[in-house]
1. For residue 192, all conditions in the list (1) touching a strand residue (DSSP E or B) at 6+ places or on another chain (Cβ under 9 Å); (2) within 12 Å of the ligand (Cβ to nearest atom); (3) among the polar types (S, T, N, Q) hold save one; what is the number of the exception?
2. Has segment 80-94 got at least one residue that is touching a residue at least 60 places away in the same chain (Cβ under 8 Å) and surrounded by 16 or more Cβ atoms within 10 Å (Cβ to Cβ)?
3. Tell me, which residue of segment 162-176 that is crowded, with 21+ Cβ neighbours inside 10 Å, near the ligand (Cβ under 9 Å from one of its atoms) and without any contact (Cβ under 8 Å) to a residue 40 or more places away in the chain is nearest to residue 141 (Cα to Cα)?
4. Within segment 194-215, which residues are surrounded by fewer than 16 Cβ atoms within 10 Å (Cβ to Cβ), part of a helix (DSSP H, G or I) and in contact (Cβ under 8 Å) with a residue 12 or more places away in the chain?
5. Spot the failing condition for residue 73; the list is (1) more than 16 Å from the ligand (Cβ to nearest atom); (2) of a type in the set (Gly, Ala, Ser); (3) on the phi < 0 side of the Ramachandran plot, and only one is missed.
6. Can you go through 35, 24 and tell me which one is out of contact with any strand residue (DSSP E or B) (no Cβ under 8 Å at 6 or more places or on another chain) and either among the aliphatic types (A, V, I, L, M) or part of a loop (DSSP other than H, G, I, E, B) (or both)?
7. Among the residues of segment 131-146 satisfying the criterion of being of a type outside the set (Gly, Ala, Ser) and out of contact with any strand residue (DSSP E or B) (no Cβ under 6 Å at 6 or more places or on another chain), which is farthest from the ligand (Cβ to nearest atom)?
8. Of all residues in segment 125-144 being free of Cβ contacts under 8 Å to residues at least 40 places away in the same chain and under 17 Å from the mean Cα position of the chain (by Cα), which is nearest to residue 226 (Cα to Cα)?
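Read-outs throughout are calculated quantities, based only on the coordinates presented, and are distinct from any laboratory measurement. What you see is a predicted model, and the numbers here were worked out from it, not measured in a lab. Here the Cβ is made from the backbone with ideal geometry for all residues, glycine too, and neighbour counts use every protein chain on show.
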Amino acid sequence: MYRLRILDAVQFRKLVTMDDVIPGVKEAYKLFSSGKAGLFPIITHEFDPGRTDMDIKSAYMDGAGIYGLKILGWNRDNPSVLGVPALAGLIVVMDIERQQPIGILEGTPVTFLRTGAAGAIGAESLARPESVNAVVVGSGAQGRAQIMGLSKVMHKLKNIDVFDAQDIYAEKMAEDISPNYPGIKITARPFSSLKNYVKNADIVVTCTPSKEAFIMYGWLKKGCHINTIGADMAGKQEIDPEITATVKVFGDSRIQVAQKGECQHALSRGMISSEQITEIGEVLNGTRLGRTSADEITMFDATGMALQDLMTAKVALERAESLNIGVVVEMEQ
Ligand SMILES: NC(=O)c1ccc[n+]([C@@H]2O[C@H](COP(=O)([O-])OP(=O)(O)OC[C@H]3O[C@@H](n4cnc5c(N)ncnc54)[C@H](O)[C@@H]3O)[C@@H](O)[C@H]2O)c1
């Protein structure tokens with residue numbers, strides 16, 4: 001007999017906050033870059049290309065005693081036809097020593113926090129601590145998650161200018177979330193004015209599903225840090241590869257950023273080599289340097305790893321156990 005805990009989105013959100021998730025994701029990056037955690041090959045399938053697809057991302061963390069997977073399904077038409085989100089899925093966590101399942105969680109709120117935490121860690125580790133002005137491009141779920149993450153670690157931030165290809169989404173996001181950040185002025189700007197704001201930004205975050213660059217070479221000011229979040233599969237692109245070729249590049253996984261991240265475009269054109277990419281876990285472990293001068297431009301290519309989901313799920317499951325939250329199923333075997 002063993003016990004399996006099931007947590008839905010409402011229970012998860014009550015149990016963990018961005019503050020709880022940032023240290024867990026940091027630990028996941030550190031374990032990964034020191035060989036104590038790894039990723040299994042990603043499985044993807046398109047049922048009806050452009051309309052319905054799925055992927056399964058899985059990972060193991062010897063260093064944390066768990067392994068598991070996230071399965072995500074996507075149906076483009078769900079919001080308009082069924083009135084439900086396009087993306088939905090589950091996280092399954094297994095115990096390495098006992099080889100038994102320990103938890104099942106709804107995937108979307110975990111993705112939200114763990115990706116916001118990735119952006120936070122990128123900025124905290126690489127941006128100049130005195131950064132005041134940020135630009136966030138993409139005003140969907142990740143726009144919100146990225147602002148939440150930045151607000152936790154960049155204590156001098158005063159202005160966040162938000163953008164979206166559809167200006168109305170940026171306006172809606174600024175209106176919705178401004179009350180949550182009393183010390184930061186969050187302002188929606190027309191997408192057509194992006195260049196003017198990027199030129200003055202200390203931190204730039206891109207979090208859209210774009211397949212074409214919209215931040216161009218020469219726009220970023222000296223000392224700027226950019227988190228590229230949106231590019232998480234082959235073909236996605238948010239920034240000019242000339243930027244990647246001329247800044248100091250960091251990524252979550254050296255292999256994955258080459259296949260799915262923003263780095264894919266500069267690498268495939270021979271503009272950089274993969275040895276030039278430093279993993280964020282190497283910076284956190286102190287084995288490679290992060291920013292070395294106030295003037296250099298740094299970039300963190302965050303493609304997303306199942307390790308982040310598993311570590312976040314672990315934090316939630318441990319807390320749920322101590323507070324007796326969630327549905328516990330007694331499993332026979
Ligand atoms: N790296 C990771 O770990 C990770 C995690 C989650 C999501 N993502 C990726 O981040 C991206 C955004 O995810 P989301 O959940 O916020 O999606 P979303 O659909 O909630 O929001 C995306 C927003 O981007 C806007 N947009 C689309 N194309 C644009 C463009 N070319 N320029 C400016 N704005 C544009 C849309 O209008 C929309 O408001 C996706 O590509 C997603 O796959 C990455």
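1. Unmet for residue 192, out of (1) touching a strand residue (DSSP E or B) at 6+ places or on another chain (Cβ under 9 Å); (2) within 12 Å of the ligand (Cβ to nearest atom); (3) among the polar types (S, T, N, Q): (1).
2. yes
3. In this case the residue turns out to be 173.
4. 195, the sole residue that qualifies.
5. (1)
6. Of the residues listed, the single one that is out of contact with any strand residue (DSSP E or B) (no Cβ under 8 Å at 6 or more places or on another chain) and either among the aliphatic types (A, V, I, L, M) or part of a loop (DSSP other than H, G, I, E, B) (or both) is 35.
7. 132
8. 144
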